[in-house]
Structure formats: C-alpha cells, structure tokens
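What follows is calculated from the coordinates using simple rules that are stated; it is not laboratory data. This is a predicted model, so every value here is computed, not measured. All Cβ positions, glycine included, derive from the backbone under ideal geometry; neighbour counts span all protein chains shown.
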C-alpha cells in the first residue's frame with residue numbers, strides 16, 4: 001500500500017507528459033495520413049493502460065492489504081463473523097484512503113502556488129520555465145513535495161544514524177571463539193557460586209533462607225541463558241555443521257581484518273558525504289540567488305565541494321561516474337535500512353515496532369517498506385540538491401560565453417578557453433538555454449521548490465538537522481565502546497529453543513498417536529508406498 005501512491009504519481013507524470021511524447025513521434029514519422037491513426041491508437045492504448053494501473057495502485061493493492069488485515073481466525077470461528085462484514089470493513093478503509101489521495105490532489109490543484117506571486121520578480125528564463133505549468137502538474141508537485149517532506153524528516157533521523165552505524169557494524173564486535181570462551185568462564189563462575197550456596201545450606205534441617213533461594217533461582221536462570229549462549233557460539237564456529245560451512249567460517253575469520261578495513265573506508269566515505277553536504281548547505285544559505293523564495297537554489301558553486309569535484313572528474317571516463325553514483329545510492333539506501341533496523345519504528349520516544357531478523361511482525365515490515373519508499377524520495381533530493389548538485393543538474397556541460405558574431409550562429413570560443421564556463425541556473429545569455437540542458441530530476445525538484453517555496457525551505461533546513469544528528473551519533477559511537485547486544489541474542493536463542501520444544505512436543509504427540517493406532521502415519525511425499533505397507537496386518 002505504501003508503494004501505491006508514489007506509483008500513482010509516476011503514472012500521472014506520464015499522463016502529463018503525453019503531449020510532448022506525441023509531438024516527438026509526429027516529428028519522427030512526418031505528417032502522413034497514418035499519423036492520425038497511429039496517434040489515436042497510441043492514445044487509446046496509453047489511456048487504457050494508465051487507467052488499469054491507477055485502479056491497481058489505488059484500489060487493488062490497498063484492498064488486498066485491508067482484506068487480509070481484517071481477517072481474524074477467532075472472530076470467524078468463535079464469534080461468527082461473516083465474510084460480508086470483512087468485505088465492508090475493507091471497503092470502508094479503501095474509501096478513506098482514496099478520499100485522502102483525492103483531497104491531497106485537490107489541494108494541489110486549487111491552492112495558488114507561491115511561485116506565481118507577482119512580487120517574485122523572476123529574471124531568469126530558467127525560473128520562468130519552471131513556474132509555467134498546468135494545473136495537473138501543479139497538483140502533482142504539491143503531493144510529491146509533501147511526500148518528500150515526510151521522507152526528509154525520516155531521512156534526518158534514520159539515515160543520519162545508519163550512515164555511522166553501517167560502517168561500524170560491518171565488522172562484528174566480538175568473534176565466536178571469544179564469545180565461547182567468555183561464556184565458558186561465566187558458566188564456571190555460575191557453577192562455583194551455586195556450589196557455595198548449596199554447601200552453605202547443606203546441614204540445614206529447615207528450608208533454605210529466602211535470600212539464598214532467590215539468588216539460587218537467579219543463578220539457575222542465568223545458567224540456562226549461558227547454556228543457550230554457548231550453544232549459539234558452538235553453532236557459529238561450525239560444530240555439527242558440514243565441512244563447507246566450517247571452511248566458510250574459517251575464511252570469514254581470515255578476512256576479518258579486511259572487513260574492518262572496509263568499515264573504516266565506509267566511515268571515511270560517510271564523513272566525506274557529511275562534509276560535502278555541509279559545504280553545499282553553507283554555500284546555498286549564503287549565495288542562493290533567491291533564498292527561501294525558491295528553496296535555496298544555487299545559481300553556481302562558490303565554495304570547493306570535494307564530492308562534486310570527484311564526480312565531475314570521473315565523468316570524463318565513461319562509465320566511472322555511473323558506477324560511483326550507483327555505489328553512492330546503495331550506500332545511502334543501505335544506511336537507511338541499517339538506521340530503521342537499529343532505531344526501530346518509533347513515534348517520538350515510543351517504540352512501536354522492532355525490526356529483528358526472522359522475527360519481525362508483518363505490520364512492521366509493511367511500515368518499514370513505506371518508510372523506505374519515502375526515504376528514497378528524500379535520498380533523491382539530498383543527492384541532487386546537496387551531495388553532488390552541479391553533477392546532478394548539468395553534469396560536465398560547459399557553455400561558451402563569447403558574444404555572437406551574427407544572430408542565429410553559435411558562439412566561438414576558439415583561443416578563448418577562459419570564456420568556456422560550466423552551465424548553471426544563473427546564466428543570463430539568451431542562447432544558454434539552447435546549450436545547457438538540466439537533468440529531469442533536478443528540473444522536477446526545482447519545480448517543486450519554486451512552486452511551493454515552503455516545501456523547499458523545510459527540505460533544505462532539515463538537511464542541517466541531518467548533519468547535526470550524524471555528528472552526535474558519530475561522536476557517541478567513537479567515545480562509547482561498541483558492545484554486542486547480548487540481551488537480543490539471548491531472546492533469539494530462547495525463541496529458537498521454544499520453537500524447538502514445540503516441534504519436539506508435536507513429534508511426541510504424533511509418536512503417541514501412532515503407538516495407539518499400532519501403525520505409522522503416511523507421509524504424502526512418499527506416495528502410497530508407506531501407506532500400502534502400513535495397511536498390512538501386523
């Protein structure tokens with residue numbers, strides 16, 4: 001359900017850009033009579049596909065979630081709830097969801113954008129082009145701007161923490177042999193303490209004192225925990241496993257220094273990203289050509305930004321910049337996942353759900369998916385606007401600022417290399433727009449921040465909250481020694497033991513039932529072989 005609204009927005013973007021696609025097709029096939037038939041067929045097929053996709057995203061996917069969420073085995077079997085009531089309950093939530101989406105689009109459709117204010121004085125053709133848009137596109141920018149704000153808030157909380165925790169947790173804080181040795185030592189101390197209590201009360205004819213009884217019970221519980229921990233350490237070392245698993249364990253132990261070196265390199269990359277964002281943020285706050293009226297769009301860079309320079313230089317060798325950008329996005333997305341898994345799903349200081357491997361509730365997985373979808377929108381904004389702004393907007397495009405010899409001709413900078421300048425939003429030359437082409441992502445984000453300056457202002461200043469939280473988590477992680485969360489390990493081991501006991505109990509009940517029947521249960525996977533043999537008289 002969390003993926004349906006962004007998918008619906010992408011569909012609307014396709015609808016709004018339909019005319020431009022048709023115009024390009026007309027240019028390619030000419031003005032022949034087949035064009036009208038082709039255009040009509042293309043239009044009808046596109047509209048049908050988009051209608052089906054809209055219904056699927058707005059109704060089918062949310063209905064499937066609410067339909068399964070409304071199922072309760074106890075209510076259906078004991079309280080007599082009908083399927084009709086389940087259908088009406090799911091339909092009720094569908095109507096609420098659709099109404100919410102419609103209200104958001106209506107707000108964006110009718111609320112006048114601040115970018116069209118007559119007092120704005122847009123002097124550049126770039127900004128005039130951005131604010132000239134249709135009402136449907138204006139509604140789309142409103143909804144996407146709202147989603148980006150929510151994603152940016154999550155980005156400041158989760159990605160900032162994950163950007164530090166992912167490098168630190170890339171190498172385990174404690175090895176399995178060390179855990180096994182520590183657990184064995186604690187077990188020995190536990191047994192010694194129990195023997196002391198038992199020897200102290202060996203000659204007593206009355207009951208053991210309450211203090212000793214409580215301490216003995218606590219030691220028994222601690223012993224059970226330590227035994228589970230010892231079993232986990234033994235399994236981690238490959239005891240009782242195949243030769244291949246033990247070889248893999250030895251190989252991981254051999255490359256443990258490499259993993260630690262990789263963690264240090266990731267931490268250096270995280271600090272480089274933080275420094276680049278801080279430099280761009282200061283540059284935008286000080287030298288933006290329109291400040292808060294357009295979301296702090298930076299006409300051209302005034303301060304050296306290391307990460308932006310690396311991408312511009314790597315773009316000269318194809319496809320190095322593409323590989324670096326893919327790795328950067330994966331690193332930020334992986335940091336977001338680490339932050340969500342570590343911090344958990346919270347409302348302020350209240351933990352709603354916890355993300356744990358193999359033991360995460362379905363509702364928590366759904367909420368985490370929605371959060372990661374919103375975080376992707378925020379990552380797009382951060383990368384294009386702060387991390388590598390020049391590369392994400394114009395790349396390596398340059399522009400000849402020499403005067404035109406005659407109208408209609410291209411400027412000539414032969415012998416005047418100093419007049420070749422990078423493309424930027426602040427170029428005022430009339431022929432600059434024919435040479436410099438901004439990327440689609442930067443154009444759409446700038447359109448949101450210009451049309452709705454409040455969104456751009458919130459998104460921009462939230463990045464400083466991201467930088468502050470990153471610094472706090474980094475200092476805390478450096479000062480405090482990284483420790484293994486043994487309570488979580490013990491809880492997982494206890495849950496595994498309970499599942500094992502339940503499975504053992506089921507096997508015992510099955511064995512008892514077979515003894516009573518005097519025959520062995522038939523296994524479906526074995527066809528009728530065992531069934532035929534068990535039907536013979538004993």
Discussion item. Checking the a/c ratio against 1.5 first, then a/b against b/c, what shape does the Cα gyration tensor give for the range 274-357?
Written reply: oblate
Worksheet item: What's the exposure ranking of 254, 187, going from fewest to most Cβ atoms within 10 Å?
Response: 254, 187
Discussion item. Order these by the 10 Å Cβ neighbour count, fewest first: 206, 217.
Written reply: 206, 217
Worksheet item: How much FRET efficiency would the formula 1/(1 + (r/R0)^6) give for residue 249 and residue 365, where r is the Cβ-Cβ distance and R0 is 30 Å, rounded to 0.05?
Response: 0.50
Response to the item:
The exposure ranking of 267, 332, fewest beta-carbon neighbours within 10 Å first, is 267, 332
